[in-house]
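Read-outs: derived from the displayed coordinates by stated rules, not from any lab. Computed from a predicted structure; not experimentally measured. A quick note on method: Cβ atoms are made from the backbone with ideal geometry, for glycine too, and the neighbour counts reach across all protein chains shown.
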Amino acid sequence: MSRVYNFSAGPAVLPESVLREAAEEMLDYRGTGMSVMEMSHRSKAYQTIIDQAEADLRQLMGIPEQYKVLFLQGGASQQFAMIPMNLMKNRVADYIITGQWAKKAWQEAQLYGKANVVASSADRTFSYIPDCSDLPISEDADYVYICQNNTIYGTAFHQLPNTKGKDLVADVSSCFLSEPMDVTKYALLYGGVQKNIGPAGVVIAVIREDLVREEVLPGTPTMLRYKTHADHGSMYNTPPAYGIYICGKVFKWLLELGGLEEIQKRNVKKAALLYDFLDQSHLFRGTVEKKDRSLMNVPFVTGDETMDTWFIEAAAKAGFVNLKGHRSVGGMRASIYNAMPYEGVEALVAFMDRFERENR
Ligand SMILES: *Cc1c(COP(=O)(O)O)cnc(C)c1O
């Protein structure tokens with residue numbers, strides 16, 4: 001068996017110890033004589049798994065009592081509709097467009113009400129985060145929406161926008177659990193777990209209790225109401241049971257290594273190694289404004305498409321896979337999520353350095 005260094009943007013690398021543990025428990029989960037995959041979600045064993053996962057996530061993020069934790073399905077993209085359906089009381093919301101995911105969310109919201117663009121970085125291919133200190137927030141906005149870490153472009157909000165008292169809703173798919181967050185600054189934060197937490201098929205939403213309400217837009221399906229899931233402990237119907245079980249293992253892994261402050265330290269160190277290399281390189285360069293760089297997704301180019309392709313192929317041969325940039329931007333992108341070890345980035349940088357010396 002040999003594992004590669006997987007720089008995929010998602011589904012992405014998971015901690016090896018988690019995968020090993022899951023493998024050990026595959027045929028007989030702790031004396032139940034069955035896999036978690038084969039288990040009734042109404043069983044005592046499964047209830048313990050989901051309860052423990054929620055408790056561990058609450059501990060990790062310091063989630064206050066008055067927030068609900070929901071394990072949902074449908075991918076992060078399902079939330080693009082679920083958010084307006086549940087939160088657009090006045091049918092007005094303000095969106096900050098910092099990339100394709102924010103744009104898709106904004107487009108979807110237009111199906112339900114007036115979705116305004118209050119800031120955008122489309123003018124320079126989303127290579128920066130606009131100044132959000134004094135935006136023209138709508139008087140009657142139900143919420144202000146951001147995508148906190150832009151997976152495709154490699155930018156991140158290092159400071160939250162001034163929403164002028166309006167509720168903040170954030171897609172944190174690609175920065176979930178990468179650093180501590182003050183949950184109380186958000187009305188709702190959510191993410192697909194396949195970037196930094198677990199297998200695709202699970203979405204986690206952390207939502208302030210008062211937003212879990214009966215009054216939703218007319219026609220909102222039962223399955224798309226936060227209240228349905230909150231009232232049933234995320235088990236109104238069969239949840240993505242195995243996926244939640246793996247998420248739970250990743251929460252434990254994070255707690256054991258010292259929580260979000262520790263993982264942040266490691267992520268900062270890892271990202272600095274790669275960014276510092278890019279900043280001194282004569283072949284490669286980063287594509288986003290320095291102050292807005294993501295800790296998780298690092299896009300870079302050589303400036304020559306043929307050279308980019310050549311690099312991606314050579315890297316794959318050397319065991320550094322999925323370095324191709326998103327089809328909409330080209331070049332390269334190294335996603336260095338929580339589970340990417342420091343040694344992986346170190347080895348990548350050494351490889352890039354060698355490639356540069358051989359190809360200048
Ligand atoms: C990947 C991603 C999505 C889409 O996730 P799906 O689960 O495929 O719907 C949305 N937002 C961000 C920030 C992402 O990185």
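Give Lys166/Lys324; Lys185/Lys252; Lys104/Lys185 a once-over and call out the pairs whose C-alpha atoms are over 32 Å from each other.
Too far apart for the 32 Å limit: Lys166/Lys324.
Among rounded, prolate and oblate, which fits the stretch 106-248 when a ≥ b ≥ c are the square roots of the eigenvalues of its C-alpha gyration tensor, a/c under 1.5 means rounded, and a/b larger than b/c means prolate?
Oblate, because a/c is 1.5 or more while a/b does not exceed b/c.
For Tyr245, Tyr29, what ranking results if the residue with the fewest other Cβ atoms within 10 Å of its Cβ goes first?
Least to most surrounded, the residues fall as Tyr29, Tyr245.
As I understand it, the dipole of the stretch 198-276 uses +1 on the Cβ of Lys and Arg and -1 on the Cβ of Asp and Glu, about the Cα centre. Which of Gly233, Leu255, Val212 lies farthest toward its positive end?
Leu255
Of Lys164/Lys270; Lys114/Lys227; Lys44/Lys269; Lys114/Lys290, which pairs sit farther than 30 Å apart, going by alpha carbon to alpha carbon?
Listed pairs above 30 Å: Lys164/Lys270; Lys44/Lys269; Lys114/Lys290.
Placing unit charges on C-beta atoms (Lys and Arg positive, Asp and Glu negative, everything else neutral), compute the dipole magnitude of the stretch 171-223 about its Cα centre in debye, rounded to 20.
180
Pop the C-beta distance of Asp140 and Glu65 into the FRET formula with R0 = 35 Å and round what comes out to the nearest 0.05.
Efficiency computed from Cβ-Cβ geometry: 0.75.
I need the calculated FRET efficiency for the pair Asn237 and Glu215, taking r as the beta carbon distance and R₀ as 25 Å, to the nearest 0.05.
For Asn237 and Glu215, the calculated efficiency is 0.65.
Which order results if Ser294, Ser328, Ser133, Ser2 are arranged by neighbouring Cβ count within 10 Å, fewest first?
Ascending Cβ contact count within 10 Å gives the list Ser2, Ser133, Ser328, Ser294.
May I ask you to compute the full-extension gain from Ser2 to His282, defined as 0.36 nm times their residue separation minus their alpha-carbon distance, rounded to one decimal in nm?
The Ser2-His282 span can extend by a further 97.5 nm.
What list of ³J(HN,Hα) couplings, whole Hz, do you get for the stretch 297-303 from phi and the Karplus terms 6.51, -1.76, 1.60, once you set θ to phi - 60° and write x for glycine and proline?
Each residue's phi maps through the Karplus curve to give 10, 10, x, 8, 9, 9, x Hz.
Return the percentage of antiparallel bridges among DSSP beta bridges fully within the stretch 17-256, rounded to the nearest 5 %.
45
Tell me, Phe277, Phe176 in order of fewest to most beta-carbon neighbours within 10 Å?
Phe277, Phe176
Give me the dipole magnitude in Debye, nearest 20, for the chain about the Cα centre, with unit charges on the beta carbon: positive for Lys and Arg, negative for Asp and Glu.
Once rounded to the nearest 20, the dipole reads 340 debye.
Using the Kirkwood formula over every pair of different C-alpha atoms, what hydrodynamic radius in Å results for the chain?
One decimal place: 21.3 Å for the Kirkwood radius.
Would you please name the GluC sites (Glu not before Pro) within the stretch 161-233 that are DSSP coil residues with at most 10 other C-beta atoms within 10 Å of their C-beta?
Glu214, Glu215
If you find the alpha carbon centre of the stretch 116-159 and of the stretch 325-340, how far apart are they in angstrom?
21
Could you tell me the calculated FRET efficiency between Ser40 and Glu343, based on Cβ-Cβ distance and R0 = 45 angstrom, to the nearest 0.05?
The value I calculate is 0.65.
When the dipole is taken about the Cα centre of the stretch 240-314, and only Lys, Arg (+1) and Asp, Glu (-1) are charged at their Cβ, what size is it in debye, to the nearest 20?
Roughly 440 debye for the stretch 240-314.
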